[in-house]
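Some notes on the structure that comes next.
No value in this document is a laboratory result; all are computed from the given coordinates. Predicted model only: the values in this text are computed from it and were never measured. Cβ placement follows ideal geometry from the backbone for every residue including glycine, while neighbour counts extend to all protein chains displayed.
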Amino acid sequence: MTGPVSRRSHSEATRLLCAGAYLDNDFRGAVIDHLVRHEERPVAPSLGVDVVPVLAYALRARRREAQTGVTLLFFWVAFIVFDYISGDSLQSVPMAGAFGYAVLCFLLWSTRRSVGRGVYAVDRTALRKAVPGQRGRVMTLIPFGVRLLAVAYWVLALLGLVLAADVHWPAVVFPLLLTLPIWEYRAHVTGVMRRELARGVFGDLPRVALPSNAHYRRIGESLDREQYAALTIYDPLRPFIGVGLPYEPWSFALDLKRRASAEPGLGPLTGARVIELIRPRLEALRDSAAATSRDRLKDLEIEEFVYLPVGAPRAEIPYDRQTVEQHLHDAVDEGGEARRHFLRIRVGGRDEQIGVTVLVRVHTQGGMLVLEVVPHVLTPVKPEYRAADVVAGRTHDGAARDAVRAVLTAPSAGFAAGVCLVRTVVAVFGTWLADPERALPDAPETSVRELGSTGEVSLFQEMDISRYVKTIQDRITGGVRDALADQGFESDQFEKQVVQVSEGSVFIGSMSGGALAVGSGAKARHVVGSDAK
């Protein structure tokens, strides 16, 4: 395994997303729905992550939860049967029986505030350690009234056992038996976090594979073929899937006029020539950062990229190197509205917690130079997933502590297992019924990295994003300036139009009666002719 797959399959973002597949049912379901139930959609570009192990852990977690749900269903059937056989317990001791315990489980589950409401509910202490400063947002919190109902159930059940042990024993025995599958599942999750997803372990293990049957083997091959290709499929209503949120995009158009002093015989300015002069500036930036600092700009990724409109079925889209290179060659100066060529510049900061991607498109038809610069930002992975490190670090927890946690969480976790079992059956049946392999072609709707991202960034992260974007934009405008000079074109108007880009604003020279600025602290100025006011 070489190249981007070997790097990104062990990245920090991949590790946390794999943990999220166990900790967050909503995320896990969305990953499986997107990659399995909608197999007709190609995967979006995977920036800084590898989606194959994330899907593999999601499928493993779902299967294990479903097995736990089946085991609990068996115990519940036995609970109801023995409760009915043992006599009129509901009349002698109200709410101390299968019905009463079922109501209690539902109430505890419905009032629980945990990540994804899965079987494994991350406890309050783990979340506080993993997400400092966000203690009140996501935690296991059971209202006081429901806790009183739980106490009341056990008082009544034990009272019934004292009064008539031969009648009321199911109300005590079966709730304890229902704890065992939850205990076993929690032990399994803890083991996965400790032996496979711990910070110092994950990077040394081989890449986790998908199930070996033909269905998942086909999906895995498609993911490996698509997620790092220099070509992707897009829908005009949802372009740029996978690169994150737009971050102050800007563009301008410039009339190309030769200088009077230009050498005769110079050819036309092409988009390919502009990109040829932008790339060395970016490479020099990367080399300089690598030689003088530990800045993430030293890992700057620079590649040409093509967006193709949705049309052909997924299995018929060619991703071989020769075809992709032909698309890149033909699209660079095409300037069309369907196939679009971009120079993609990407930097992953803070262990891929922040991903900045700047897409640059250049076309020069009709005696004009049009430059489009579209920065995007991938926000950090949800901080709740870092609770995996706290769970993995509990190496000294004894069996007694694990047992107490299982007993306390069993009622709500048991109901969650039932919900997960129903959702799994519905999802598997829905996938079979939809037959996605033969569905109409579609483009990616979201990406795994975006599904597991939070919508917030810290002030430090915002500072890094701004620095990355401004530095890259400076190299882009410098390359365009070199291209204009190299081909003998005037660059005065270009200088005027981009002078404020480094300050986070956009100047539109052709706007009548004013100017437009975007971004925090941006400023706009109105220019008439060549005189700035």
Quiz item: Taking amide hydrogens as modeled 1.01 Å from N in the peptide plane, which residues meet the under 5 Å criterion relative to I354, leaving out close sequence neighbours?
Solution: G349
Self-check item: Estimated dipole of the stretch 270-377 in Debye, rounded to 20 [Cβ of Lys and Arg +1, of Asp and Glu -1, Cα centre]
Solution: 320 debye
Quiz item: If amide H atoms are built 1.01 Å from N in the plane of the peptide, which residues on other chains or at least 5 residues away come under 5 Å of the amide H of H376?
Solution: Y247, T357, V358, L359
Quiz item: Pulled fully out, how much extra length does the chain show between H38 and V370, if you take 0.36 nm times their separation in residues and subtract their Cα-Cα distance?
Solution: 115.8 nm
Quiz item: How large is ³J(HN,Hα), in whole Hz, for each residue of the stretch 338-349 in order, when computed from phi with the Karplus curve 6.51 cos²θ - 1.76 cosθ + 1.60 and θ = phi - 60°, using x for Gly and Pro?
Solution: 9, 6, 10, 9, 9, 8, 9, 10, 9, 9, x, x
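Can you list which of the trypsin sites (Lys or Arg not before Pro) found in the stretch 252-323 are DSSP loop residues with at most 13 other C-beta atoms within 10 Å? Walk me through the intermediate numbers first.
Details: sites: K257, R258, R259, R273, R281, R286, R294, R296, K298, R314, R321; in loops: K257, R259, R294.
Loop-located and lightly packed - R294.
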Practice problem: Quick one: which residues, 5 or more positions from V310 or on another chain, have an amide H under 5 Å from its amide H? H modelled 1.01 Å from N in the peptide plane, none for Pro or chain starts. | Solution: Y234
Practice problem: Only loop residues by DSSP count here, and only those with at most 15 other Cβ atoms within 10 Å; note down the GluC sites (Glu not before Pro) in the stretch 336-439 that meet that. | Solution: E337
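Counting other C-beta atoms within 10 Å, which of T68, T379 has the fewest, and how do the rest follow?
Values: T68 25, T379 19.
By the 10 Å Cβ count, ascending, the order reads T379, T68.
For A78 and S466 in the same chain, what is the full-extension length gain: residue separation times 0.36 nm, less their Cα-Cα distance, in nm?
Numbers: separation 388, 0.36 × 388 = 139.68 nm, distance 6.09 nm.
Length difference between fully extended and current span is 133.6 nm.
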Quiz item: Karplus couplings for the stretch 271-284 from phi (6.51 cos²θ - 1.76 cosθ + 1.60, θ = phi - 60°), rounded to Hz, Gly and Pro as x?
Solution: x, 4, 5, 4, 5, 4, 8, 6, 4, x, 5, 5, 5, 5
Quiz prompt | Spatially proximal aspartates and glutamates relative to K257 (Cα-Cα < 18 Å; intrachain offsets below 8 disregarded) | solution = D482, D486, E490, D492, E495
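If we count other beta carbons within 10 Å of each Cβ, what is the order of V381, V189, fewest first? Intermediate values should be presented prior to the final figure.
On the way: V381 25, V189 22.
Result, fewest neighbours first: V189, V381.
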Exercise. Provide the net charge surrounding A434, with neighbours chosen by a C-beta distance below 11 Å and charges set as Lys +1, Arg +1, Asp -1, Glu -1.
Key: -3
